[in-house]
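Only one structure is covered here, and it is reproduced in the block below.
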Amino acid sequence: MTVYRTNILVCGGTGCVSSASLDVYNKFKKLITSAGYDKEVKIIKTGCFGFCEQGPIVKIEPDNVFYVKVNKKDAEEIVNEHIIKGRIVKRLLYKEPNSKRIIEKHQNMPFYKKQFRIALRNCGLINPEDIYEYIAVGGYEALGRVITKMNRDEIVDIIKKSGLRGRGGGGFPTGIKWEITKNNHSDKKYIICNADEGDPGAFMDRSILEGDPHNVLEAMAIGGYTIGADKGLIYIRAEYPLAIERLDIAIKQARELGLLGNNILGTDFNFDIEIKLGAGAFVCGEETALINSAEGKRGEPNYKPPYPAQEGLWGKPTCVNNVETFANIPAIILNGYEWFSSIGTEKSKGTKVFALAGKINNVGLVEVPMGTTFREIIYDIGGGIQGNRKFKAVQTGGPSGGVITEENLDTPIDYDSLSSIGSMMGSGGMIVMDDTTCMVDVAKFYLEFTQDESCGRCTPCRIGTKRMFEILTKITDGKGTKEDLKNLEQLSYMIKDGSLCGLGQTAPNPVLSTMKFFKDEYLQHVVNKVCPTGRCKGLAKYKIDPEKCVGCTACAKVCPVECISGKLKETHVIDQNRCIKCGACFEACRFNAVIKPK
Amino acid sequence: MGIKSLDELRKIRENSIKKIDLRNQGNEGDNIEILIGMATCGIASGAREILNTLAEEVSKKNIKNVKIVPVGCIGYCHSEPIIQVNIPGQKPVIYGKVDKDRAIEIFNSHIIKGKAIKKYTLDIDFERAKQL
Amino acid sequence: MALKNINITINGKNLTVPEGITILEASNRAGVKIPTLCHLDLHDLKMVNKTASCRVCIVEAKGRNTLVPACVTKVYDGMDIRTNSIRAIRARRIAVELLLSNHPNECFTCPKNMDCELQALAAELGIREIKWEGEKIDLPIDTSSFAIVKNPNKCIMCRRCETMCNEVQTCGILSAISRGFSSFVGPAFNISMAESSCTYCGQCVAVCPTAALTEVNNTDQVWDAINDPDKYVIVQTAPAIRVAIGELFGMEAGTIVTGKLVTALRMMGFDKVFDTDFSADLTIMEEASELINRLENNGRLPMLTSCCPAWVKFIEHQFPELLDVPSTCKSPHIMFGTIAKTYYAEKNNIDPDKIVVVSVMPCLAKKAEAKRPELTKDDANNVDIVITTRELGSMLKEAGINFNTLPDSEFDNPLGESTGASVIFGTTGGVIEAAIRTAYEWMTGKELEHVEFTQLRGMEGIREGTVKINDIDLNIGIAHGLGNARKLLEDIRDGKSKYHAIEIMACPGGCIGGGGQPYHHGNIEIIKKRQQAIYNEDKNKAIRKSHENPYIIKLYEEYLGKPLGHKSHDLLHTYYTAKEKI
């Protein structure tokens, strides 16, 4: 294998190719070959660096020098100066736009930090209770441009081309949602911000609303203008008092400055926003259930169609978007769809906020470009597994998702890759599990949640998830059979197939995915009656070590269910089927012969 | 008083932009700012006490050019409460796991003497999207 | 606009169907049966239960990730549907098995045994074991009211009752409470039925597929009374019974079985078999007089009929400010009870305390009505026991009476004689038509040429007609179903009503569609046939106007004096009380 002294990486992403990076690539090839360095220097066409506005981009490895806006002539200078003489071409280095600081090393460039924050861009930077700080970072500029200079079709077009998809879980293209609602004619329309964040462990929506409420208000106004709504509704769970308070303040300030209300910025656009408190039912995150609840009805989903875009709040066309989705809108309007769609993967553009939780060192929120791998998030950003234990799995999509195992750690995360490995994006909860986690127990945990949060409307979800939970309990109690596993699987598929809404249709996912990836662990529970992690107390087994047992009969005498047999001076044995795990034998044994389950 | 046009909005932006620059780059400005993460996560881990402590220090020492600004969360839940010190002309510094004693220590060293306390600082591993 | 036809495929068979129909409707056309449970299409009553909650009708539609409910999914051009794939069949079976796994295993003793749609479905699907055994919902049974028993443990969350109670009847009593596995249907805050503003119309019972909602059973009390030698037990049957009870014995809907019914009741051992129709004629005497009185003396108009106790309770709760609009007449069966225990008792020298009046009614509200304090005097009820058509049917079966082969016989006299006017009380529009027949002749002094006011007949929810009497154009309004009644009442409240007289019946179709009638299981044709039978029965009557009933004339001569007189006011009229709306 040839070892090259130097690699020249030329960006071959769409953005850079359109700015003639192919010419630059060919030029390098020619120059290096004619200079006779082709055995030492390799020219590589790479994937997108995600920094297309500065393209074409060229990186020199292992020097880790990063050149931007390179043309054919620059290529000549790079070869002559850098490759041949080892002198960096300063004028082609990236300069930070504000400080004009020149940055040589790639990893020092903020862009190439693993995290890139669009939705969270102002969180922790500005005072959320001061509208002027939001305006200072460019706030309401997007709204201003939209309502003074753009027509509704143009905005739809931008959002569609940006590739933004719903961040609440479904991943439906936002632009198309806006377009459909826009095209449905009605005297009244509504735009709703879904802030009913219910996925256990996920809290990015709360953080956005607490840290940057105006961002969401501005986006809602843009959406309202686009679809033709003059009324916005934020449906938020009452358990988020701080977010509600800050939204209240933000709405008031925006009204005072005329950024909400009538004739916004001197135009004829009228728009106002109202906050609606929800009681925090998980199912109210489903848009039809949310609308029912907002109308004061029971929070349960309706059969779709009709979709909210056709018949939504009070029977009028309604567009429901999630908080994080909205938080991307002003940045897209200001920076352009090309910028946004240059970030991420082919079918999933932009970034995604994840809430890291579980057995991970850096618990918290991260926002990464789509296409970042699990390994990068867990190890590079999350700081690895607590106590340096072994990684076992990570759950995405909360109770609607599934587990991702070691083999998929290098999967670039996006909507489609996740569903192809049996999970889903969901709202962005990411719960990391180590080797002390029992996967059957995990599945049971999620089922306990979903069956409790089921609205009770349809049979599969109301009764089916309850039965799944019961079967899982049976298994973790050590009473499961192989038949139960078969039934569990059959019931799972039926519930997926037959439930009325997304909650029910995805409720079996944690079971199906743990059964797929950790089948052995299930079998251990039902066949060998062992929980390999020792989590399932019902499977704990007291045993007598024949090496140590002297046959004193002390244990047999104290056993309340008389399940220990053995003659005097012979090894005693515990009948596992009758043992109630009281631990009396363990206490009674003076020879440490009774082994307590861990 | 309402903003009547996009131009008016932009004027307001011009006037407010400097202090945000300070937070990003530590560029110009007259005042020292202490940002404190006051989202639910921060408050839950004690940010309110830190806010009060810092405010007390400011008034005790009668320092005029320090402003305390409550902000949202930067996602470092593992290190809350978090404060950020912005001194004109210097790179902003972020401190994590700030308890009452640390807050006073940081105040005395960094705000008063201009000396950051390295061992309490956090590295920022993210980049914020800029709005053009 | 003409409906576009589209092409679809069901189980591989091509089909042309109109756009906009559901998969269920399309498959019915194709002769493909899809089982249903929560689905209930009563479009004649403007009620279609679209909850799509039971998932018993889910089928495969090519291109859809999940199975789709046939009852609410509309077909589109090119749709490819599989109703009989193993995936769909299994899923449907599991849906039923799951329902059964949370349902008491007590078909033997269930009031809906052999009349239960869940039971029928389990039979149809050939379910032999319930795989998914587990915890069952275990909630107290609500027996607080005199009319309706609510057993949440048998609730399958089809929500038909909720749709009926909220959308058709607009009473808003029943809705789903609690969530997930614990959810069931009941009044808000899970208060009891008795504490709620329920009118006891019983339409929830009429549509409940299981025994989650049933009538309070009073059959034992009837047997006890009949077999008590100290009691003199009188039975009366409402007009709507004779056109419906035959259904319980396999007869075609709309079969008139008046004569068999009388024979059967006599065989059961009642001392006298009388007819509520008699007191319906009596009601007309009073009500027509009251209408004329209000018209001539600038009284409160419109006057509303008061025969329907569910409707009376509805206005007391929902429009307490309008309690002066209903007629003060007691309902016919209560009038009957009063006359039986006064006039009849005196005339035949029977101690009224020994008289037990049993009403056979198509209605559940009458059970509660009989217990209203103002309708009982000195602890003596006007009417003692009320049983429904269904309860009578089960008593006849229990007694081994072979109803179908019984000979006809006549009601006893004097309280068994009736006119065609009283028969039509059984259908919507009938009471007001009967009242007009009498009011017309009384006001004009002329004989009515055409007694049938066809403009007042039919099944439309709200109907109206104008009858010229002397120089008055009498505007008549008719509403059946409480939601329709609400519309007319709102107009009255807002001073916008143009009517002089309004008839209101709580149940769709009137008493023929009552909550105590044989279950129609969603087939509204049955109610229409009963209505036709009522009209035929009227036609067959020799006397068709209430005031011509010879025994009624005699009753006034011998006892009451004149309509609205002192005695009739005392015995035949009542009052209403404003009630809370919960």
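Laboratory data are not the source of any read-out in this text; all were calculated from the coordinates shown. As the structure is a computational prediction, the values presented were derived from the model and not from experiment. Glycine also receives a Cβ, built like all others from the backbone with ideal geometry; neighbour counts cover every protein chain displayed.
Things worth noting here:
- If you take the Cα centroid of region A:148-172 and the Cα centroid of region A:275-326, the two points sit 20 Å apart.
- Normalised alpha carbon radius of gyration of region A:439-526 [divisor 2.2 N^0.38 Å]: 0.98
- Here the simple spin-label model places points 7 Å from the Cα toward Cβ, and for C:Asn84 and C:Asp353 these points are separated by 7.1 nm.
- Near the amide H of A:Ile192, within less than 5 Å, lie the amide hydrogens of A:Leu233, A:Cys319, A:Val320, A:Asn321, all on another chain or at least 5 residues away, with H placed in the peptide plane.
- Across every direction, the projection of the convex hull enclosing the Cα atoms of region B:44-132 has a mean area of 6.6 nm².
- Relative contact order for region C:1-138, counting Cα pairs under 8 Å that sit 6 or more residues apart, in percent: 23 percent
- B:Glu127 long-range amide H proximity, modeled H, under 5 Å: A:Gln115, A:Phe116, A:Arg117
- Kirkwood-Stokes translational diffusion coefficient of chain C, alpha-carbon pairs, 4 °C, 1.567 mPa s, µm²/s: 52 µm²/s
- Rounded tilt (10° steps) of C:86-101 against the dominant C-alpha axis of chain C: 50 degrees
- Extending 7 Å from the Cα toward the beta-carbon at both C:Lys33 and A:Glu570 defines two label points whose distance is 6.5 nm.
- FRET efficiency, B:Asp125 to A:Glu406 (Cβ-Cβ, R0 35 Å, nearest 0.05): 0.90
- Debye log10 I(q)/I(0) at q = 0.20, 0.31 Å⁻¹ for region A:56-96, Cα point scatterers: -0.52, -1.25
- FRET efficiency, A:Lys557 to C:Ile141 (Cβ-Cβ, R0 51 Å, nearest 0.05): 0.55
- Backbone amide hydrogens, once placed in the peptide plane, bring A:Gly166 within less than 5 Å of A:Gly171, A:Phe172, A:Thr174, excluding anything fewer than 5 places away on its chain.
- Rounded to 10°, Cα long-axis angle of helix C:309-318 versus longest principal axis of chain C: 80 degrees
- Annotation: extensible slack from B:Lys11 through B:Ile63 equals 15.6 nm (criterion: 0.36 nm per residue apart, minus Cα-Cα distance).
- Extension reserve of the A:Lys39-A:Phe591 stretch, reckoned as 0.36 nm per residue once the Cα distance is removed: 191.4 nm
- Put simply, region A:351-434 fits an ellipsoid with semi-axes of 17, 13, 12 Å; these come from the alpha carbon gyration tensor as the roots of five times its eigenvalues, largest first.
- Restricting the calculation to Cα atoms, region C:58-187 yields a radius of gyration followed by a Dmax of 17.3, 54 Å.
- Computed extension gain for C:Asn523 through C:Thr9, at 0.36 nm per residue and net of the alpha carbon distance, reaches 182.3 nm.
- Per-pair calculated FRET efficiency, R0 = 25 Å: A:Tyr379 and A:Tyr4 via Cβ, rounded to 0.05: 0.35
- Scaled against the 2.2 N^0.38 Å expected of a compact globular protein of N residues, the Cα radius of gyration of region C:270-375 reads 1.18.
- Taking only alpha carbon atoms, region A:231-291 gives an Rg to Rh ratio of 1.07, where Rh is the Kirkwood radius.
- Over the protein assembly as shown, equivalent-ellipsoid semi-axes from the Cα gyration tensor in Å: 74, 40, 29
- Estimated purely from DSSP H runs of n ≥ 4, each contributing -39500 (n - 2.57), the mean residue ellipticity at 222 nm for chain A is -10000 deg cm²/dmol once divided by its residues.
- Relative contact order of region A:456-580, pairs being alpha-carbon contacts under 8 Å that are 6 or more residues apart, as %: 20 percent
- Across region C:484-512, no residue has a backbone nitrogen under 13 Å from the label position 7 Å along the beta-carbon direction of C:His569.
- Label-to-label distance for A:Ala20 and A:Lys537 is 7.2 nm, based on points extended 7 Å past Cα in the beta-carbon direction.
- With N the number of residues in chain A, Rg(Cα) / (2.2 N^0.38 Å) evaluates to 1.18.
- Its DSSP H runs of at least 4 residues, each contributing -39,500 (n - 2.57), put the calculated 222 nm mean residue ellipticity of chain C at -8500 deg cm²/dmol, to the nearest 500.
- Share of pairwise Cα-Cα distances greater than 17 Å in region C:429-469 is 27 percent (whole percent).
- Chain C - percent relative contact order, Cα under 8 Å, separation 6 or more: 16 percent
- Against chain A, whose longest principal axis comes from its Cα atoms, helix A:21-34 is set at around 90 degrees.
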